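FYI, it's all coordinate maths here, none of it is from the lab. All of these numbers come straight from a predicted model, not from anything done at the bench. Please note: Cβ atoms are built from the backbone with ideal geometry, for glycine as well, and neighbour counts cover all protein chains shown.
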């Protein structure tokens, strides 16, 4: 056998291995099963980031920070002005006069949105444990976990009306906490806006088929309640009073990122937390379900995430006009899930950070 023939024999196995690897790689990207069944959505409107009141700024990067523990998503102040938050491990933490935090309870789940009711009970939307009430001594009481015999998968945020009713979001009926990133790639809306009446312990669905129902807030006069749709970059309004009572409409659309909690601000305003900025690449995938599966597989292979370390705090008035937009893409304030204005300062919660940001309100 000639020298050239021997070299050819040596090269063939290497070539076969390379072809096999390439075939396996592209076979995985194109054909490997994924845990969702995506559908096409409408083409996105142009992202308003960098324009008008969304002009680039890094105002949130100036925030001071308070060490609070892993994932202080929701923030609430009691009647004594003490800051409370909930952590990734279920702990409910209260700030001490010296600035540190003490553990005052544990939900056994993952506390997200929270607020105090008129009796001083801390009402907690827990992604795993449902709707919970915590007494001042830390005693936990479950208010609601199921609706019509089916477990609520992802209780997310809440707002409490003057009559005691608790308006809250069940983010998804398809994907539980920890798997919610799938919602970005699937685009099958199943989130709900619900109301719990403590007088008769009843649950009612007000809005259904929301694209990941998240933040909830009441208008100043409680004529309507708002609910954020994280993966559709919009806020829906459900009318509670007046000629439109019982109907809904779009409050504001086409925000510059994935919106999380919304809280009531002064003079009928609202603060919206944008947990992560939109990207043109993901926007372009909305009408393309097959490509979304390919990108999801690639992310699983590489460990990449669509979430950007770029958050916004957006202030709206009662008519959905944008009053202010503060942002940070420096990594100082990131995965920001809540913005609460209290005594002239903004308190900034986070899903994954270990600190609460504090910034003078504009």
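Using the scaling law 2.2 N^0.38 Å as the reference, what is the normalised Cα Rg of the chain? Kindly include the intermediate steps, with their values, before the conclusion.
Values: Rg = 23.1 Å, N = 362, 2.2 N^0.38 = 20.6 Å.
Output field value: 1.12.
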Review point. Which angle from 0 to 90°, rounded to the nearest 10, does the C-alpha axis of helix 3-31 make with the longest principal axis of the chain?
Key: 20
Review point. Once the convex hull of the C-alpha atoms of segment 241-362 is built, how many Å³ does it hold per residue, rounded to a whole number?
Key: 144
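Could you order the peptides 280-286, 228-234, 192-198, 333-339 from most to least packed, using the average number of other C-beta atoms within 10 Å per residue?
On the way: 280-286: 15.3, 228-234: 25.6, 192-198: 20.1, 333-339: 27.1.
Highest mean packing first, the order is 333-339, 228-234, 192-198, 280-286.
Considering Cα pairs under 8 angstrom that are at least six residues apart, work out the relative contact order of the chain and quote it in whole percent. Let's see the in-between values first.
Working: 896 pairs, mean separation 62.0, N = 362.
Reported as a whole number, the value is 17 percent.
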Point to revise | By average C-beta atoms within 10 angstrom, highest first, the peptides 133-144, 205-216, 104-115 | key: 104-115, 205-216, 133-144
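Can you order the peptides 69-76, 236-243 by their average number of other Cβ atoms within 10 Å per residue, highest first?
Numbers: 69-76: 23.5, 236-243: 16.1.
Peptide ranking by packing, descending: 69-76, 236-243.
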Point to revise | Whether segment 29-139 is rounded, prolate or oblate, judged on the alpha carbon gyration tensor where a/c under 1.5 counts as rounded | key: oblate
Review point. Can you give the angle from 0 to 90° between the axis of helix 289-302 and the longest principal axis of the chain, with both taken from C-alpha atoms, to the nearest 10?
Key: 80
Point to revise | Per-residue [θ]222 nm for the chain (sum of -39500 (n - 2.57) over DSSP H runs n ≥ 4, rounded to 500) | key: -5000 deg cm²/dmol
